[in-house]
1. Counting only residues that are open to solvent by 40 Å² or more (accessible area, probe 1.4 Å) and touching an Asp or Glu at 6+ places or on another chain (Cβ under 9 Å), which one in segment 15-27 is farthest from the ligand (Cβ to nearest atom)?
2. Is at least one residue of segment 79-102 of a type in the set (S, T, N, Q) and over 25 Å from A135 (Cβ atoms)?
3. Looking at T370, T389, T338, T362 in this structure, which one is polar (S, T, N, Q), in contact with a Cys (Cβ under 6 Å, 6 or more places away or on another chain) and assigned to a helix (DSSP H, G or I)?
4. Name every residue in segment 49-65 that is closer than 19 Å to V77 by Cβ and surrounded by fewer than 15 Cβ atoms within 10 Å (Cβ to Cβ), in order of residue number.
5. Within segment 38-57, is even one residue assigned to a loop (DSSP other than H, G, I, E, B), within 16 Å of the ligand (Cβ to nearest atom), more than 30 Å from H365 (Cα to Cα) and hydrophobic (A, V, I, L, M, F, W, C)?
6. Could you say which residue among V69, V76 is surrounded by 15 or more Cβ atoms within 10 Å (Cβ to Cβ), in contact (Cβ under 8 Å) with a residue 12 or more places away in the chain, within 16 Å of the ligand (Cβ to nearest atom) and more than 24 Å from R390 (Cα to Cα)?
7. Restricting to segment 28-37, give me the number of residues that are crowded, with 16+ Cβ neighbours inside 10 Å and within 12 Å of the ligand (Cβ to nearest atom).
8. Just to be sure I understand the filter: pairs with C-beta atoms under 8 Å, separated by 6 or more residues or on different chains, first member in segment 111-133 and more than 21 Å from P86 (Cβ to Cβ), second member basic (K, R). Which pairs pass?
Amino acid sequence: MIESVDLETGERGQELLVARVRVKAGAARRCSRCQRRCPGYDTSPDPRRWRGLDLGTTPVFLQARTSRVSCREHGVVVAAVPWARPGSRFTTAFEDTAAWLVCHATLSVVAVLLRVAWRSVADIVTRVVADRAAATDRLAGLRRIGIDEISYRKGQRYLLVVTDHDSGRLVWAGKGRNAATLNRFFDDLGAERAGLLTHVSADGARWIHDVVAARAPAAVLCLDAFHVVAWATEALDQVRRAMVIRLRAGGHHEEATALKHTRWALLKSPPNLTAGQRTTLAGIAKANGGLYRAYLLKEQLRAIFQAVELADARALLGGWIAWAQRCRIEPFVKLAKTIRKYHALILNAVEHGLSNARSEATNTHLRLLTRRAYGYHSPEALIAMANLTRGGLCPPLPGRS
Ligand SMILES: [Zn+2]
């Protein structure tokens, strides 16, 4: 209920619109945790302000006295106000708008447009996600999931993320990369729903396989195509870097620099190459046989996951291992050993069609998210950001659902 609206001059001389409001009797004295009506406890002498959506270019604030209630279950807590989430200095409409924008624009755009600090955007996202996650069960109906480790803070810390292969959505994320973290996911999922999982894909980590075997015994384990291709890409990059160093050492500086700039032509998949990059590759094929063979090994491995028939994939994979084992390119000889070890899990992925473009897009998005160092003062903030943008928790724009 609005009591008055005034224009004020802010600390920096800017105009502010301040609406003095009061909670209507029907909504008053409710616990901010459980929304139950409770006896009042006290009322603060000083009013509090909440930032609302701008009116044109003028910042808007709601101002009200806050009170506390004595909840039978939660003790003395702040009374709920209908216009804001508990503990927030922003209105719900402002927060939902900010969260929606975060899903559709870069964080820097959001911060500038809404005139808020990074830190505030991260806090808003955390509150919106907690609010919306409580209202949905994202672990319902899972059948085929992917488990992945994502590093942040330059590879020192990890998040464990679980994606749904059927929707492509992120359904769970937790701090750490060990059996304890994965067991927490299975605790949240519950034994009954874990028993309904049919497929679980992951990277090669032994501890993931052990926990999955123990807690989702009916699920077929697969190795994500994403990881296999990433291993091959890394091997190829090692070959290229070693060649650059060798050329430099031999005094061939021009050739070394030219080779250094071939990185993207080599790492991209062929359909995405630009005309210039195709020319670069043709040049490598002519002048740099070893590197070109390494490139072909990477592409051939990628092609295995595109095989329609399992028999084709099996033949291709056998051929690839044989080729890589005697290619005399050290990183690929090593990779051949790894691939041989995971032979069965790779074929499982092909057989069950688990090389999924949607969950791969989610993985790529999450990796990009962790690379932006700013804004995340804690892993919890990063998890909230991941859940908001990839977990289907983006709120509708206020008034437009
Ligand atoms: Zn309560």
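The values are calculated or read from the model by the stated rules, or taken from the named source; none is laboratory data. Here the structure is a predicted model, which is why all the values come from computation and not from measurement. FYI the Cβ positions are ideal-geometry reconstructions off the backbone, even for glycines, and counts take in every protein chain you see. The protein model used for the area step is the full one, side chains on, heavy atoms only, and it has no ligands, DNA or RNA in it. Shrake-Rupley method; radii C 1.70, N 1.55, O 1.52, S 1.80 Å.
1. E15
2. The answer is no, given that none of the residues of segment 79-102 is of a type in the set (S, T, N, Q) and over 25 Å from A135 (Cβ atoms).
3. Exactly one of T370, T389, T338, T362 is polar (S, T, N, Q), in contact with a Cys (Cβ under 6 Å, 6 or more places away or on another chain) and assigned to a helix (DSSP H, G or I), namely T389.
4. R65, the sole residue that qualifies.
5. Among the residues of segment 38-57, at least one is assigned to a loop (DSSP other than H, G, I, E, B), within 16 Å of the ligand (Cβ to nearest atom), more than 30 Å from H365 (Cα to Cα) and hydrophobic (A, V, I, L, M, F, W, C), which makes the answer yes.
6. V69
7. Total meeting the criteria: 4.
8. Hits for this filter: zero, empty list.
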